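The values are calculated or read from the model by the stated rules, or taken from the named source; none is laboratory data. What you see is a predicted model; the values in this text were computed from it and never measured. Neighbour counts run over all protein chains shown; Cβ positions are idealised from the backbone, glycine included.
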Amino acid sequence: MNKGTTTNKMSYIIFVVLFALIFVISSSASAKKLKVTTPWAPPAQCMVSESVQMYLDELTKRTNGELTFEVFWGCALGTPLSRPSCLLVEQ
């Protein structure tokens with residue numbers, strides 16, 4: 001399997017999990033802060049990370065700050081494919 005295909009699959013999985021998580025949380029009235037881990041380097045070093053950061057910023061804007069994100073770059077919380085629980089809701 002080539003590197004590009006693996007990266008595309010990982011990107012797809014991350015975005016699907018984010019959408020599913022946002023859908024579940026959207027019915028809650030209180031503000032939520034989500035911890036998100038990504039396999040990419042910080043935005044200053046990786047163009048894909050810039051896209052992810054822009055997406056998360058747009059979600060925060062569209063939810064009027066009800067949904068915010070703390071991003072851990074470079075799989076700091078663990079790899080998304082090995083641990084789907086890497087997306088945590090802070091209590």
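So here's what we get for this one:
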quantity: Region 44-62, subset farther than 18 Å from N8 by Cβ and in contact with a strand residue (DSSP E or B) (Cβ under 9 Å, 6 or more places away or on another chain), residue surrounded by the fewest Cβ atoms within 10 Å (Cβ to Cβ); calculated: D57
quantity: Filter result (assigned to a loop (DSSP other than H, G, I, E, B) and at pLDDT 85 or above) within region 17-40; calculated: none
